[in-house]
Amino acid sequence: MSAVVPRRAPVRLSPGQRLLTLAAVALAGRLARRPPARIRAVLTRLARGARPATYAEARAARAAVEAVSLRCASDEGCLPRSLATVLLCRARGRWPAWAVGVRARPPFGAHAWVEAEGRMVEERVDASYFRVLFTVPAPEGRGRLG
C-alpha cells in the first residue's frame with residue numbers, strides 16, 4: 001500500500017518571477033557540477049550581506065524552483081534544488097542555511113537541503129535522519145546549523 005502524498009497548490013509566478021527563477025535554476029545547474037569545496041566557497045561569498053531568510057521565504061523559493069524545473073522537483077534533484085533555492089533567496093536579499101549531509105543510518109546516501117528558522121524546508125524526513133557534513137549558514141549564525 002502506498003502513502004498518500006498531499007498535492008500542493010499550483011505555484012503562480014509572474015513573468016519576471018519566472019525569469020528570475022529560471023536564471024537561479026540555470027546557475028544552480030552549473031554550480032552543481034563544481035567540486036564541493038568550490039560550491040561552498042561560492043555560496044559563502046554570496047551569503048555575505050544577506051539577511052536571514054524566513055521559513056516562508058525559503059519555502060516559497062523552493063516551490064518556485066520546483067515549479068519551473070522537473071529535475072529540481074524530483075527526488076534525485078536535491079543538489080540543484082537546494083542551490084537554486086538559496087540563489088533565488090539571495091536574489092531577494094535573503095539567505096537560508098544551505099547544508100550537505102549523509103544519512104545517519106545505512107544505506108549510504110548524500111543529500112543537500114535548505115534550512116530556515118532552524119527547520120529543514122519542505123523535507124519529508126526529520127532532521128535527525130541526516131548528519132551534516134558542511135554548511136553555509138544563514139547570517140548571524142541562526143538555526144540548527146549555525
Hydropathy at least 0.0 by Kyte-Doolittle, axial extent at least 18 angstrom from the Cα trace: which helices of the chain, defined as entire DSSP H runs, fit? 15-32, 55-68, 78-91
Sort 130, 108 by accessible area with a 1.4 Å probe, largest first. 108, 130
Assuming R0 = 22 Å, can you tell me the calculated FRET efficiency for the pair residue 38 and residue 75, based on Cβ-Cβ distance, to the nearest 0.05? 0.30
Once residue 18 and residue 48 are pulled to full extension, the length gained, defined as 0.36 nm per residue separation minus their Cα-Cα distance, is 8.3 nm
For the chain, dividing by residue count, accessible area per residue (probe 1.4 Å) in Å² works out to 60 Å²
With +1 on each Lys and Arg Cβ and -1 on each Asp and Glu Cβ, and nothing else charged, work out how big the dipole of the chain is about its Cα centre, in Debye to the nearest 20. 360 debye
Could you sort 38-50, 76-88 so that the peptide with the highest average Cβ count within 10 Å comes first and the rest follow in order? 76-88, 38-50
Lys/Arg Cβ at +1, Asp/Glu Cβ at -1, dipole of the range 30-146 taken about the Cα centre: which of 42, 74, 32 is farthest positive-ward? 42
In deg cm²/dmol and to the nearest 500, what is the mean residue ellipticity at 222 nm of the chain if only DSSP H runs of at least 4 residues count, each as -39500 (n - 2.57), divided by the residue total? -13500 deg cm²/dmol
Show me 134-140, 122-128 ranked by packing, highest mean number of other Cβ atoms within 10 Å first. 134-140, 122-128
What percentage of the solvent-accessible surface of the chain, computed with a 1.4 Å probe over protein heavy atoms, is contributed by carbon and sulfur atoms? 55 percent
How much accessible area does residue 55 have with a 1.4 Å probe, in Å² rounded to the nearest 10? 30 Å²
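The values are calculated or read from the model by the stated rules, or taken from the named source; none is laboratory data. Predicted model, so just to flag it, every value in this text is computed and none were measured. With ideal geometry, Cβ positions are generated from the backbone for all residues, glycine too; neighbour counts draw on all protein chains shown. Note: accessible area is taken over every heavy atom of the protein model, side chains too, but ligands, DNA and RNA are not part of it. Shrake-Rupley method; radii C 1.70, N 1.55, O 1.52, S 1.80 Å.
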